[in-house]
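Here's the structure, in structure tokens; my notes come after.
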Amino acid sequence: MSSVVIYCRSGFENDAAAEINHHAQLQGVAGYVKAKPNTGFVTFECFAKEDAERLLKQIDFKSLVFARQWFAGTLLSGMPLEDRVGEIKQCVADFPLCGELRVETPDTNEGKELSKFCKKISTPLAKSLEKQNKLTRNVKPQKPVLHVLFLANDTAYVGFSFSDNNSPFFMGIPRLRMPADGPSRSTLKLDEAFNVFLTKEQAEDRVRPGMRGVDLGACPGGWTYQLVRRGMFVAAIDNGPMNDKLMESGQVKHFREDGFKYRPEKRNIDWLVCDMVEKPSKVTQLMIDWIVNGFVKELIFNLKLPMKKRFDSVYECLQLIDDELAHYNVGYKLQAKHLYHDREEVTVHIQVLKVPQNLYS
């Protein structure tokens with residue numbers, strides 16, 4: 001297999017392509033990108049066949065911003081419609097034993113038209129792969145995931161990813177429902193962020209009832225809602241009005257202030273969230289200020305992207321965070337992802353591990 005197949009949001013193929021090309025160069029892997037607008041995926045074609053699997057092992061999937069999912073694969077085209085299962089069986093002959101099968105499509109209108117077919121072929125394909133000893137009968141999370149990405153009835157990329165370095169979600173998309181009492185659809189962004197950036201075990205330990213949260217630019221309360229439903233007490237910062245039901249919860253205190261100027265009286269904030277519409281560099285500087293002054297333990301914030309050079313804009317902000325926090329000797333962990341519910345923005349999560357007390361004492 002010589003292709004690294006990457007799922008992305010339709011319209012962001014160039015950004016996903018620039019990103020995998022960047023990381024491949026860092027790993028010293030030679031190849032080239034193939035990307036077509038609005039297809040919902042890109043591929044990195046390695047000159048050496050073994051390099052596709054190598055990239056999946058050496059690049060941390062969590063470090064990829066624009067990738068929803070990835071796998072090392074091979075393109076099958078012109079499969080006979082009467083025996084697509086047979087063609088796929090031949091392709092996987094050299095694959096390791098996989099613990100899960102995902103028959104998927106790109107997240108596009110064309111892909112959605114194939115979804116019924118994918119469901120139909122999944123069961124006979126799985127049974128056939130089990131007999132071939134390429135797929136376990138029951139899901140085995142510790143084993144590789146076998147992917148079949150159909151582009152048309154007779155065309156698919158077939159390959160596998162490693163379960164400890166991929167997205168655990170089908171098509172790389174968490175399935176979330178809009179809450180009936182949610183103040184705005186933006187609430188799904190933060191809900192998805194918690195699901196993507198934290199495991200269930202991490203969430204149980206670090207997102208607990210009674211914690212203190214701050215929502216900068218809170219109006220009307222979409223992100224505040226997610227903190228409240230997790231049992232937090234929230235300072236909602238915005239000059240605009242907040243949702244009445246949220247205010248009736250008794251867990252929200254509304255401060256009619258500028259989110260860029262507000263600072264808490266005490267350094268005891270567990271979570272800071274921010275979805276303000278502003279230049280990404282300005283939001284980045286604000287988050288750095290909160291961190292180095294020891295105000296907060298964890299942050300989730302959005303960076304609104306420009307129309308052009310979105311990859312460059314995101315990576316410049318992430319590099320600024322790295323440079324500034326290294327300068328102040330701050331320990332931290334960072335993840336950034338173009339989430340399913342994001343549009344022209346990228347969501348960033350930072351866990352602050354250590355802030356030297358001399359910075360703010």
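Residues that are surrounded by fewer than 16 Cβ atoms within 10 Å (Cβ to Cβ), part of a helix (DSSP H, G or I) and in contact with a strand residue (DSSP E or B) (Cβ under 8 Å, 6 or more places away or on another chain) within the stretch 117-146 comprise PHE117, LYS119, SER122, listed in sequence order. Scanning the stretch 147-165 for residues that are touching a Lys or Arg at 6+ places or on another chain (Cβ under 6 Å), under 23 Å from PHE44 (Cα atoms) and modelled with pLDDT of 95 or more turns up at least one hit. Could you check, for the stretch 25-37, whether at least one of its residues is within 18 Å of the chain's Cα centre (by Cα) and either among the aliphatic types (A, V, I, L, M) or over 30 Å from LYS120 (Cα atoms) (or both)? Checked against the condition, which is being within 18 Å of the chain's Cα centre (by Cα) and either among the aliphatic types (A, V, I, L, M) or over 30 Å from LYS120 (Cα atoms) (or both), the stretch 25-37 yields no hits at all. In the stretch 318-335 there is no residue that is farther than 18 Å from ASP289 by Cβ and among the hydrophobic types (A, V, I, L, M, F, W, C). Note on the stretch 256-284: residues that are closer than 25 Å to GLU344 by Cβ and over 23 Å from the mean Cα position of the chain (by Cα) total 3. Checking each residue in the stretch 315-361 for being polar (S, T, N, Q) and closer than 19 Å to GLY11 by Cβ picks out only THR347.
I need the full set of residues from the stretch 267-300 which are of a type in the set (Lys, Arg), in contact with a strand residue (DSSP E or B) (Cβ under 9 Å, 6 or more places away or on another chain) and surrounded by fewer than 19 Cβ atoms within 10 Å (Cβ to Cβ), in order please.
Of the stretch 267-300, the ones of a type in the set (Lys, Arg) are 267, 279, 282, 297.
Add one more test, that the residue is in contact with a strand residue (DSSP E or B) (Cβ under 9 Å, 6 or more places away or on another chain), and what stays is 267, 279, 297.
Of everything in the stretch 267-300, those that are of a type in the set (Lys, Arg), in contact with a strand residue (DSSP E or B) (Cβ under 9 Å, 6 or more places away or on another chain) and surrounded by fewer than 19 Cβ atoms within 10 Å (Cβ to Cβ) turn out to be ARG267, LYS279.
Residues considered: PRO179, PRO141. Of these, the only one that is farther than 30 Å from THR39 by Cβ and modelled with pLDDT under 95 is PRO179.
Considering only residues in the stretch 243-256 that are crowded, with 21+ Cβ neighbours inside 10 Å and among the hydrophobic types (A, V, I, L, M, F, W, C), the one that is nearest to GLY221 (Cα to Cα) turns out to be LEU246.
When restricted to residues that are assigned to a loop (DSSP other than H, G, I, E, B) and either under 25 Å from ASP164 (Cα atoms) or in contact with a strand residue (DSSP E or B) (Cβ under 8 Å, 6 or more places away or on another chain) (or both), the stretch 96-116 contains 7. Among residues of the stretch 308-361 being of a type in the set (Val, Ile, Thr) and free of Cβ contacts under 8 Å to residues at least 40 places away in the same chain, the one that is farthest from LEU176 (Cα to Cα) is VAL330. Here the stretch 329-361 is the region considered, the condition is being at pLDDT 95 or above and of a type in the set (Ser, Thr, Tyr), and the residue that is surrounded by the most Cβ atoms within 10 Å (Cβ to Cβ) is THR347.
ARG68 meets the conditions (1) over 27 Å from GLN27 (Cα atoms); (2) of a type in the set (D, E, K, R); (3) under 20 Å from the mean Cα position of the chain (by Cα) in every case but one. The failed one is (1). Here is the figure for the stretch 160-189: residues that are touching a residue at least 24 places away in the same chain (Cβ under 8 Å), over 26 Å from ILE59 (Cα atoms) and either in a helix (DSSP H, G or I) or aliphatic (A, V, I, L, M) (or both) total 3.
What are the residues in the stretch 239-249 that are in a loop (DSSP other than H, G, I, E, B) and within 12 Å of PRO183 (Cβ to Cβ), if any? Before you say what the answer is, go through the steps one by one.
Narrowing the stretch 239-249 to residues in a loop (DSSP other than H, G, I, E, B): 239-243, 249.
Passing the criteria: GLY240, PRO241, MET242, ASN243, SER249.
Listed by first and then second residue, the pairs with beta-carbon distance under 7 Å, at least 6 apart or on different chains, first residue in the stretch 262-286 and over 29 Å from MET307 (Cα atoms) and assigned by TED's automatic domain parsing to the domain that holds THR224, second part of a loop (DSSP other than H, G, I, E, B) and of a type in the set (Phe, Trp, Tyr), are ARG263/PHE295; PRO264/PHE295; ARG267/PHE295; ILE269/PHE295.
Of all residues in the stretch 156-178, those being exposed (fewer than 14 other Cβ atoms within 10 Å of the Cβ) and over 17 Å from LEU339 (Cα atoms) number 1.
Annotation: ILE59 fulfils all but one of (1) crowded, with 20+ Cβ neighbours inside 10 Å; (2) closer than 26 Å to ALA193 by Cβ; (3) touching a strand residue (DSSP E or B) at 6+ places or on another chain (Cβ under 8 Å); the unmet one is (3).
The values are calculated or read from the model by the stated rules, or taken from the named source; none is laboratory data. Please read all numbers here as calculations on a predicted model, not as lab measurements. No Cβ is skipped: glycine too gets one built from the backbone with ideal geometry, and neighbour counts run over all protein chains shown.
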